[in-house]
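J.: Before I ask anything, let me first share the structure, which is written out below as structure tokens.
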Amino acid sequence: MKRDAERQPGAVKKDPPSQRGDTTEVAVTEGFQSLNRSQVLVTLGGVMLAMFLGSLDQTVVGTAMPRIIADLGGFDRYTWVTTAYLMTSTSVLPIVGRLTDMYGRKWFYIAGIAIFLLGSALAGLSQTLTQLIIIRGFQGIGGGIMIANAFIVIGDLFPPSERGKYQGLITAVFGLSSIVGPIVGGFITDNLSWHWIFYINIPLGIPVIMAFIRFFPDIRPTRVKHRIDYTGMMVLVVCVVSLVLGLSWGGVQYEWASPQVIGVLSIAAVMVIVFILVESRAAEPIMPLSMFGNGVATLSMIAMFFLGMGMFGAIIFIPLFFQGVLGLSATSSGSFLTPMMLGLVVASTLSGQALSRLGGHYRIQGLIGLVIMAVGMFMLSRMTVDTSRGEAILNIVVMGIGLGVAIPLFIIAVQNAVPYRIMGIATSSLQFFRAIGATVGLAFFGSIMASRFVSNAEDLVPTGVPPGMLSELIHNPEALMDPDALDELRDALSELGPQGLQMADQVIHALREALAMSISDVFVIGLAAVGVAFVVTLFLKEVPLKRFHSHSEPG
């Protein structure tokens with residue numbers, strides 16, 4: 001019987017009663033141990049469906065963003081549609097991770113999908129960029145719940161020595177949606193309307209909710225009275241929102257030294273201190289500070305913070321380069337992202353298999369992935385307005401391979417290193433720091449890109465353009481992503497005389513060159529972030545991967 005239990009996916013090694021922890025953690029492990037193989041597979045399938053839904057939305061929106069900006073305006077807030085989503089999804093990650101440890105995962109998962117679908121419907125109805133930003137923030141609450149649960153459930157079902165294989169499956173689903181998403185998003189944007197990229201989530205999401213209600217196991221800890229850390233939740237949300245606001249406003253809406261930027265960044269700094277004090281005294285803290293006493297967990301979170309910066313810098317700004325600099329349609333730019341995601345899928349699958357079969361050397365594999373990612377980021381930073389499509393595709397393929405090798409390893413390292421009883425909050429905290437890195441990176445990159453574009457365009461646009469038209473072009477370069485706007489620009493300049501059309505071509509080329517230079521600056525900063533992640537990973541200790549779940553470890 002003991003051998004059968006250890007062979008079974010999700011099997012948990014039982015400790016003698018004297019070695020077990022409190023009744024809550026025993027109930028959790030026994031619940032998962034009672035699942036047979038078919039239940040484990042159904043649960044895993046539900047998680048993969050939810051992951052497909054969430055990641056499909058992100059890739060669809062990323063491809064359509066240039067057209068959304070061209071329609072609604074607000075180039076200086078280009079990253080805010082994504083930043084708002086990341087801001088709210090980031091805030092709920094540790095909160096949901098902790099609450100599901102207390103009350104079970106099923107109904108949190110269902111609620112998250114429902115919020116996500118409602119947000120999709122409202123986002124499709126948006127008439128202004130401000131409306132879309134607010135609704136994307138609401139939608140991010142549901143997305144955060146879905147992301148937090150996906151990675152935790154994998155940790156619940158399988159021991160560390162087997163997780164590499166199944167993380168490969170999850171990443172394959174992410175890769176599939178990342179391949180399908182840009183193509184579908186580009187096609188819908190070009191042939192229908194960008195509004196429909198949000199509506200598409202609804203017919204996909206309703207069956208997922210029904211499947212979760214019907215099949216997802218309602219596994220709950222023993223019903224005991226918990227003391228929810230409401231103060232810690234509120235402080236955490238205020239901290240994240242203040243940080244993102246300050247970084248997004250700086251250099252765009254307000255000067256970096258303005259009272260608005262300094263004020264919200266000061267609030268974020270104070271909230272960090274308050275959060276530490278609150279968590280050190282809470283009976284059941286949202287983010288236990290003892291978790292950071294584990295060196296593997298702490299270093300992995302730092303590395304994921306900087307990896308998130310580099311990762312999202314590439315994913316969000318590559319479509320902008322294809323459409324704004326190379327002049328491709330939304331559909332074409334989406335299809336050119338496919339090789340990058342194929343590289344990510346293949347590399348992640350092979351990396352997960354290698355981790356499980358070759359001794360679990362996650363530090364070495366992580367370093368290899370980060371080196372490949374850095375090479376890809378360097379190649380991206382060298383692109384100009386004269387870069388060929390083939391060269392750009394090669395660059396993003398290298399980037400995708402590096403991402404695929406590195407991403408799953410830190411999750412497995414953390415889940416293997418921490419006691420099982422805090423695996424849920426540790427896993428969601430790792431995703432929290434990756435999302436914080438992405439959010440900070442996007443806010444910072446967006447500010448750098450907008451300011452550098454204005455400076456570069458002022459230097460490159462030829463003389464003779466009317467001052468009013470020049471000011472409008474360099475502060476609102478949406479025309480580069482809108483063929484109709486380019487035609488209007490040519491018509492306007494043609495009225496200046498026989499040289500008007502020639503000047504129009506020169507202006508468009510100058511604007512594309514200025515945009516290419518500003519995006520290149522973003523990739524250089526992303527390269528530096530990947531370099532920091534590499535240095536941190538050098539100090540990561542390799543702990544042999546466990547072959548079973550254990551509770552007898554000290555907390």
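Rule-based calculations on the coordinates, nothing more; no lab input. What you see is a predicted model; the values in this text were computed from it and never measured. When we count neighbours, we look across all protein chains shown, and the Cβ atoms used for this are built from the backbone with ideal geometry, even at glycine.
J.: Ordered by residue, what ³J(HN,Hα) values in Hz, to whole numbers, does the range 123-140 give under the Karplus form 6.51 cos²θ - 1.76 cosθ + 1.60, where θ = phi - 60° and Gly and Pro are x?
T.: Once rounded to whole Hz, the list reads 4, x, 8, 4, 10, 9, 5, 4, 4, 5, 4, 4, 5, 5, x, 5, 4, x.
J.: Apply the Karplus parameterisation 6.51 cos²θ - 1.76 cosθ + 1.60, with θ equal to phi minus 60°, to every residue of the range 61-68 and state each ³J(HN,Hα) to the nearest whole Hz, in sequence, with x for glycine and proline.
T.: Per residue, the Karplus-derived 3J(HN,Hα) values read 5, x, 5, 7, 4, x, 6, 4 Hz.
J.: How high is the FRET efficiency from Ser455 to Asp190, r the C-beta distance, R0 45 Å, rounded to 0.05?
T.: 0.90
J.: Which whole number of Å³ per residue matches the convex hull of the alpha-carbon atoms in the range 229-283?
T.: About 51 Å³ per residue, rounded to a whole number.
J.: List Leu358, Leu403, Leu342, Leu545 from most exposed to least, where exposure is judged by having the fewest other Cβ atoms within 10 Å.
T.: Details: Leu358 11, Leu403 27, Leu342 18, Leu545 22.
Least to most surrounded, the residues fall as Leu358, Leu342, Leu545, Leu403.
J.: Considering the zone a paramagnetic label at Tyr199 would reach in this model (a point 7 Å from Cα along the Cα-to-Cβ line), which residues of the range 116-149 have amide N under 20 Å from it?
T.: In the range 116-149, the label zone of Tyr199 (backbone N under 20 Å from the point 7 Å along Cα→Cβ) covers 116-129, 131-133, 135-136, 139.
J.: Arrange Thr43, Thr63 by Cβ neighbour counts within 10 Å, fewest through most, would you?
T.: Thr43, Thr63
J.: Could you put Arg163, Arg452, Arg227 in order, starting from the residue whose Cβ has the fewest other Cβ atoms within 10 Å?
T.: Arg227, Arg452, Arg163
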